[in-house]
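Please treat every number below as a calculation from the coordinates, not as lab data. Because the structure is a prediction, the values reported are computed rather than measured. Cβ placement follows ideal geometry from the backbone for every residue including glycine, while neighbour counts extend to all protein chains displayed.
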Amino acid sequence: MDVSVIQNFLSELNEHLSNFSYINGFLPTQADCYIYRLLSSQFPAPQNLPHVLRWYKHIQSFRQVEQDKFPKHLDHYWTPTSFTKLVEEISTMAPSGDTLSWKDKYALISRNLQEVLGEDKMIALLKERDLKIYWGTATTGKPHVAYFVPMAKIADFLRAKCEVTVLFADLHAYLDNMKAPWELLALRSEYYEQVIKAMLHSIGVPLEKLKFVKGTDYELSREYTLDVYRLSSIVTEHDAKKAGAEVVKQVEHPILSGLLYPGLQALDEEYLHVDAQFGGVDQRKIFTFAEKYLPQLGYAKRIHLMNPMVPGLAGGKMSSSEEDSKIDLLDTPAAVKKKLKKAFCEPGNVADNGVLAFVKHVLFSLFREGEGFTVSRDPANGGDATYLTYEELELAFSKEEVHPGDLKATVESYINKLLEPIRNKFEDPALKKLTEKAYPPPSKQ
C-alpha cells in the first residue's frame, strides 16, 4: 500500500492526540477501539510518534471485556481525509491473517515448542490448507497460572488460522485413579469450561473461533465404545502402562481404568477429526502410543505438538497439588505477591527459573509486534528497562543487570492484569457456588 497514506494519517493522529486523550476528546469510545484494531492488525506500534504511542499503549492495556463497555459516541467521530484513505486502502487488502504463507503459519505453530512429531506431514498439510488441532485437559485439580502456557499456544494456533478444539476430558479425569469422583464429574467439567473461557478471554482470544467439547459428549457412544474394545484386544499391558507413566497416577497395583486412559486419548484424535494433538512433553509416550496403535485400527497417524514443561515457582513442574509452586487463577493480589516472593529466582541463574519461564512462554507470546517487557525499577537503580525479545531479557538477567526482586515485581503486575478479569467473572454468586461444589473440602468429597 502507499506508505504516504499511513504516514499522513499517523501524523494527523499524533497532532490530534497532542491536544486530546482519545479520538473523541477525553473519553475512550468505540472509535478508539476501531482505529486501534485497524492499526494493530497491519502496523507495529509507532515508536517515533509520542502521542500516538502513548494512546496506542493505553488502549492496548484494556482487556476486550473493558473495551466492549466503551460508549459509542460516533456522532463526533474525528475522521480526517487521510484516515478515510487509509480505511479504503486496507479494505482492498486481504486480511492480514490470509496473507500468511505456510512458512509463517509453521513458525507460529511451532514457536516455543520443545518437539514436533510428524513435522513433514504438517508442512505438507500447511501447503494445502489450515491445520485442525485439539488440546485436551483432564478436569481434575483447579487450573492455575501455568495453564496460560497452553492458552498462549492456542492463541498462536488461531493466528496461524488453525481450527482449534478444546476438549474437557471428564471421563479421563475419572479413569486416572478417580482424581475426579464420578459425582463431581459434571461440576468439575463446568468449572473448567468457565475458567478456561475466562482465561482465553483475558488474553484476547475470540471464543467464537474455538470449539469446546466434553469427553462424555461422544466417548460413551456405541462406535467409540466398540473402538475401545478393539483397541484393548491389541494393546499389551506393558504398552498401556508405559504410555501413561508420566500422566496417569502411578501406584504399586495399577487400576485397570488407568490402563485404558492412553487408549481413549489416542481415539480422541480420530473422533475429534483433527490433524494434530497438542500437549506437554510429558504426554510424549501417549502420543507415540497413538502413533503405533491408531493405524492398526485403520485410522491415520496424527501430528503431535509438544510444549516444554514449565518450571513451577519453587522450581520443577508447576503442580496443582503443591500450593507454593502454583498461583491459583482466583488468588488475590496479596496471595500472588506472597507466592512470587517465595519463588526460586536466583541472581544470574536462568536454569529452572519459573519466573523467567512464565515471561518467555506466556507474556512474550502475548505481546504484539513492537511491544516489549518493561522491568520497573527505581531511578536510583537505572530506571525502567524495556526488552523487546525474551533473549535480551534472559541475557540481561544472566549478567545480573536485572535484579530478581525487580523481575518478580514486574511479573506480579502482569499476572494480576491477566487474573483481574477472571477474578471479576468469578465474583458472580453462581460461579462462587459452582467453585464450592466442584471443589469441596477433602472430607466432603
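Sequence-ordered 3J(HN,Hα) estimates for the stretch 329-334 from the Karplus curve with 6.51, -1.76 and 1.60 and θ = phi - 60° stand at 5, 10, 4, 6, x, 5 Hz, glycine and proline given as x. The alpha-carbon atoms of the stretch 323-444 define a convex hull whose volume equals 128 cubic angstrom per residue. Counting 0.36 nm for each residue step from GLU436 to PHE367 and taking away their Cα separation leaves a gain of 21.4 nm. Its convex hull of Cα atoms gives the stretch 116-156 a direction-averaged projected area, equal to a quarter of the hull surface, of 3.8 nm².
Sorted ascending by nearby beta carbons within 10 Å, beginning with the fewest, HIS58, HIS361, HIS51 become HIS58, HIS51, HIS361. For the stretch 150-245, taking Cα atoms only, Rg and Dmax work out to 16.1, 45 Å respectively.
The Cα atoms of the stretch 98-307 cover 53, 36, 31 Å along the three principal axes, with the biggest extent listed first. Residues whose amide H comes within less than 5 Å of that of LEU27, counting only those at least five positions distant or on another chain, are TYR22 (H built at 1.01 Å from N in the peptide plane).
Give me ARG222, ARG159 ranked fewest to most by other Cβ atoms within 10 Å of their Cβ, as a rough exposure proxy.
Going from sparsest to densest Cβ surroundings: ARG222, ARG159.
Each of VAL362, VAL164 has some number of other Cβ atoms within 10 Å of its Cβ, and from fewest to most they run VAL164, VAL362. Placing unit charges on the Cβ atoms only, positive for Lys and Arg and negative for Asp and Glu, gives the stretch 323-445 a dipole magnitude near 760 debye about its Cα centre.
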